[in-house]
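Computed from the coordinates by the stated procedures, all read-outs in this text should not be read as laboratory data. Everything numeric here is computed off the predicted structure, so don't read it as measured data. No Cβ is skipped: glycine too gets one built from the backbone with ideal geometry, and neighbour counts run over all protein chains shown.
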Amino acid sequence: KEEPGVREEHESLRMTGASLDNIQPPTRKPVCVDLGDWEATERALDSVGPVDLLVNNAAVALLQPFLEVTKDAFDRSFEVNLRAVIQVSQIVARGLIARGAPGAIVNISSQCSQRAVTNHSVYCDQLGFLFTGSTKGALDMLTKVMALELGPHKIRVNAVNPTVVMTPMGQAAWSDPCKAKTMLDRIPLGKFAEVEHVVDAILFLLSDRSGMTTGSTLPVEGGFWAN
């Protein structure tokens, strides 16, 4: 025989389950735009929102050694890897401030924003893996400045700095043991990151569990910075 309190609890659970069944997933609206085009980006994002959480993950991959860096490669790298972060973050932050809402922004940087890697003067991303030079170093500092200025508006800004990530392209590009060894020898844990490692770090920085964290660069690099 159920006690009254138990019966009420079961009924409450049934009601909760029914409520969850009725929850509809948020509407997703893909937007395709060249982030290197300031005016096109402005137009594309004009009707998007409201946005409370932002992940700046877009980047271009142009691999050139220092003595061969071209103006076009430099301009394109900084347009997408840095300037677009400023523009998109401005749009989102202005919306948050206008609504008086708190928010969080995560910039995807790289382990190489604070360590030099050959041929990475402007930016290196071999088949989509995050390596970097000057654009990601600049992104780390931009993250701190954004955190400083947006903090009074209750908007937190942090960066995630991954090593090579084992996406399908990552697995293909780093499957050669000899090639992989050159990087793995610099990583104390002796392995590359899985996608879940990076996603978990992003989710943590977007969530209230990191409510006192802003202006940080969170390494997901197996100890690369400690080497």
Correct semi-axes for the range 57-220, from √(5λ) of the alpha-carbon gyration tensor and rounded to whole Å with the largest first, are 29, 19, 12
Counting Lys and Arg as +1 and Asp and Glu as -1 over every other residue whose Cβ sits under 13 Å from the Cβ of residue 75, the net charge comes to 0
Counting only residues 5 or more apart in sequence or on a different chain, those whose built amide H sits under 5 Å from that of residue 220 are 161, 163
Counting only residues 5 or more apart in sequence or on a different chain, those whose built amide H sits under 5 Å from that of residue 55 are 106
Looking only at lysines whose Cα falls under 25 Å of residue 71's and that sit 8 or more positions away or on another chain, we get 136
For residue 101, placing the label point 7 angstrom along Cα-to-beta-carbon and taking the range 138-168, residues whose amide nitrogen sits under 17 Å are 153-157
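Compare the peptides 158-170, 34-46 by average per-residue count of other Cβ atoms within 10 angstrom and give them in order, highest first.
Working: 158-170: 21.9, 34-46: 14.4.
Going from most to least packed, we get 158-170, 34-46.
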Around residue 104 (Cβ within 13 Å, Cβ-to-Cβ, excluding residue 104; K/R +1, D/E -1) the net charge comes to +1
Non-local residues with an amide H under 5 Å from the amide H of residue 156, with H modelled 1.01 Å from N and Pro and chain starts lacking one, are 103, 104, 105
Residue 195 and residue 173 label points (each 7 Å along its Cα→Cβ direction) are spaced in nm at 1.6
